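Structure first, then comments.
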Amino acid sequence: MKKKSIFKSCLIAFPLIIFTLYSHSFEADSSSEVLTFPENFKWCVATAAHQIEGGNENNDWWEWEHSVPSKIKNGENSGLAIDHWNKVAEDTKLLKDLGVKQYRFSIEWSRIEPKEGVFNLEAIHHYKDELKELQKYGIAPMVTLHHFTSPLWFAKMGGWSHPDSPQKFLQFVKFVNQQLGASVDQWITFNEPMVMIAAGYINGVFPPGIKDWKSVIGPIRNILIAHSLSYKELHRNKNAQVGIAHHLRIMHPYNKLNPIEWYLANKLSKAFNWTLLNALQTGTISLSVPTKIEYEEYLPQLKDTQDFIGVNYYSRDLVKFTPKGKDIITVVPNDKSPKSDLNWEIYPEGLYDILKSVSEKFENLPVFITENGIADKSDSRRADFLKQHLLQIHHALEEGINVLGYCHWTLIDNFEWAEGRGPRFGLYDVDYKTLKRTPRKSARYYQEIIERNGILVESKNNL
Ligand code: BGC
C-alpha cells in the first residue's frame, strides 16, 4: 500500500476505533446486568434562569456581580451567560437528544415583573414558547419560581427580610399561574432556601451580603409564608403538585470519637436540613444552634403545604469543634475522599441516608431528586458519579422509598454564582468564546441510562 493511502485509511480507521472503544464502554455483555427503574420514573435535568439566560440586568444578582470590588471569583459576571434566552430551541433539542422525560427550569421573576406591579407580557410569552417547545418533544416541565434571584425593586425594598415580601411574591406567582398554569403541573416555589439564607445572611457571599445569624429569622419565616401562600394559589389548578427543592447535606463529626463534635454535627444538620421541612409538616419553626441562635414560632398556615419533597444532594461536611479558632464550629470537607473540582467530597452513600431519613420523617410524601451533579471539567468522574448516586437511589427504591424521579444538575455549563464560570457542571460543554455546545462523554452515558431505564452493572454471578 502506498504511504498516502495508509495515511488515508488511518484517518478513517482512527475515529472508528475511538468510536467503538467509546461506545463499547457502556455496552451490555454476558457479564453485566441492568438494574431497572420503575416504568414511570422521571429522568430529568435541571437548570436555573440566571445561570444560563444572560442579560438578567434587573435582579439583585446582577447588581451584586457588578459591585466593586468584585464579589465573584476572577471578577466575572453572568453577562450573556450562555445566551440561553436566544437559544431556547437549540437547547430544548439537547434535552430531546438526551431523552429526558422531564425538565426542571426556572422563570426569572425580574423579567416578568421588572417594576413592582408591572408585568411584562413579552417575557411571559417567551416562557410560553419554551413550554410549547418542550411539549413538542413530550418533555414535562417542572417550573421553579424562585432560584436565588429577586428583582432589584424587591431587594431594594428589603427583600426577604421585609414583612410584605410574601405578598409581593404572591402577586408574581398569581400572574404566572394565570398565564402558565394550564401547561404546568409540577412547581418548585423556592430553590434551596437554606442555602440562599446561609450564603446571603450568615456567610455574606450571596446578596444581600449580611453576616449576622440573627438576621436569618425574617427570611426564614417570610419565605415559608410565601411558599404556603403560593402553594394555595397554585392549587387552583387541580393537577398541581407543589414542593420546594431542599438542599440536604450529610453532616458528620470530624472525629467520630469526639462527643462534642457528634453533638454539633447533629445540631447543625437539624438546623440546616430539617428546620424548614419540619415547619412545613408541623407548623412550628424551631431553630437552635449553640452560641448562634435560638428561635421558635408556630405558624399554622405552614402545615401540610408540600405535595412532594424536592431533594438537592451534593456532598458531606465534617463538623469540627474549634474552641480556639475564630469560630467554635468549623465545617470542612473530608481530606481522605475523592473530590469534585470545587473540592466537594464525592459521597454517594449520603444520598441513600438522606432518602432514608426523609422517608422516615415524612412518610406520606414522595421524593423527587431535584438536583445532583458534579463540577468536573475533565469529565473524568461524572459518569461514575452518576452511576454511584443512581445505585443509591435504586437501593432506596428497592426498600420501598417513593422516589419519583432524578434531575441531573445540569444540562449545560453555566454561571456558577459566586464561583463564576470556572466550575463545569454540564453534561454539555460550552465554549465561552463561540457559545458552542458539545456533549461530554457523560452525556452519552446518561442518555444510555435513560434509554435502558436502568444502570448497567457487573452481574452478581461474576462477583
Ligand atoms: C444550586 C445551583 C448550583 C448548584 C451547584 C445548587 O446549590 O441550586 O444553582 O449551580 O448547586 O453549586
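For this structure, a couple of remarks:
- In this entry, PHE148 passes the filter for residues that are touching a residue at least 24 places away in the same chain (Cβ under 8 Å), crowded, with 23+ Cβ neighbours inside 10 Å and on the phi > 0 side of the Ramachandran plot.
- Hey, THR305 of a type outside the set (Gly, Ala, Ser), open to solvent by less than 10 Å² (accessible area, probe 1.4 Å) and over 19 Å from VAL195 (Cα atoms) or not: yes
- Any hit, the stretch 442-458, residues being open to solvent by less than 30 Å² (accessible area, probe 1.4 Å), modelled with pLDDT under 95 and of a type in the set (S, T, N, Q): no
- Flag for MET157 being surrounded by 19 or more Cβ atoms within 10 Å (Cβ to Cβ), over 23 Å from TYR103 (Cα atoms) and at pLDDT 95 or above: no
- Residues in the stretch 262-290 that are assigned to a strand (DSSP E or B) and open to solvent by 20 Å² or more (accessible area, probe 1.4 Å): THR284, SER286, SER288.
- Hits in the stretch 63-95 (condition: within 16 Å of the ligand (Cβ to nearest atom), open to solvent by less than 50 Å² (accessible area, probe 1.4 Å) and not in a loop (DSSP other than H, G, I, E, B)): TRP64, GLU65, HIS84
- Residues of the stretch 200-251 that turn out to be in a strand (DSSP E or B), open to solvent by 30 Å² or more (accessible area, probe 1.4 Å) and within 30 Å of SER67 (Cβ to Cβ), as a count: 0
- Filtering the stretch 385-417 to residues that are in a helix (DSSP H, G or I), crowded, with 21+ Cβ neighbours inside 10 Å and within 16 Å of the ligand (Cβ to nearest atom) leaves LEU386, HIS389, TRP417.
- Taken together, the criteria place VAL45 among residues that are buried (at least 21 other Cβ atoms within 10 Å of the Cβ) and either more than 16 Å from the ligand (Cβ to nearest atom) or outside any helix (DSSP H, G or I) (or both).
- Filtering GLN186, GLN178 for residues that are away from the ligand (no atom under 16 Å from the Cβ), open to solvent by 10 Å² or more (accessible area, probe 1.4 Å), under 17 Å from GLY117 (Cβ atoms) and polar (S, T, N, Q) leaves a single hit, GLN178.
- Of the strands (runs of 3 or more DSSP E) lying entirely inside the stretch 418-463, those containing at least 3 residues that are over 21 Å from the mean Cα position of the chain (by Cα) span 454-458.
- Residue pairs whose Cβ atoms lie under 7 Å apart, sitting 6 or more positions apart in sequence or on different chains, and linking a residue in the stretch 191-206 that is more than 17 Å from SER269 (Cβ to Cβ) and within 11 Å of the ligand (Cβ to nearest atom) to a partner that is among the aliphatic types (A, V, I, L, M) and in a loop (DSSP other than H, G, I, E, B), are ASN191/ALA48; ALA199/VAL205.
- The condition (being at pLDDT 95 or above, surrounded by 19 or more Cβ atoms within 10 Å (Cβ to Cβ), under 26 Å from GLY55 (Cα atoms) and within 16 Å of the ligand (Cβ to nearest atom)) is satisfied by just one residue among GLY420, GLY426: GLY426.
- When each of ASP341, ASP335 is tested for being of a type in the set (D, E, K, R), at pLDDT below 95 and open to solvent by 50 Å² or more (accessible area, probe 1.4 Å), the lone residue that passes is ASP335.
- Filtered residues of the stretch 112-141 (kept if without any contact (Cβ under 8 Å) to a residue 60 or more places away in the chain, charged (D, E, K, R) and crowded, with 20+ Cβ neighbours inside 10 Å): GLU130
- The stretch 245-262 residues that are over 22 Å from TYR313 (Cβ atoms) and β-branched (Val, Ile, Thr), paired with ones that are within 16 Å of the ligand (Cβ to nearest atom) and open to solvent by 60 Å² or more (accessible area, probe 1.4 Å) (beta carbon under 9 Å, 6 or more apart): none
- Any hit, the stretch 363-375, residues being open to solvent by 10 Å² or more (accessible area, probe 1.4 Å), acidic (Asp, Glu) and part of a loop (DSSP other than H, G, I, E, B): yes
The values are calculated or read from the model by the stated rules, or taken from the named source; none is laboratory data. The structure presented is a predicted model; accordingly, all values stated were derived computationally and were not measured. With ideal geometry, Cβ positions are generated from the backbone for all residues, glycine too; neighbour counts draw on all protein chains shown. Note: accessible area is taken over every heavy atom of the protein model, side chains too, but ligands, DNA and RNA are not part of it. Shrake-Rupley method; radii C 1.70, N 1.55, O 1.52, S 1.80 Å.
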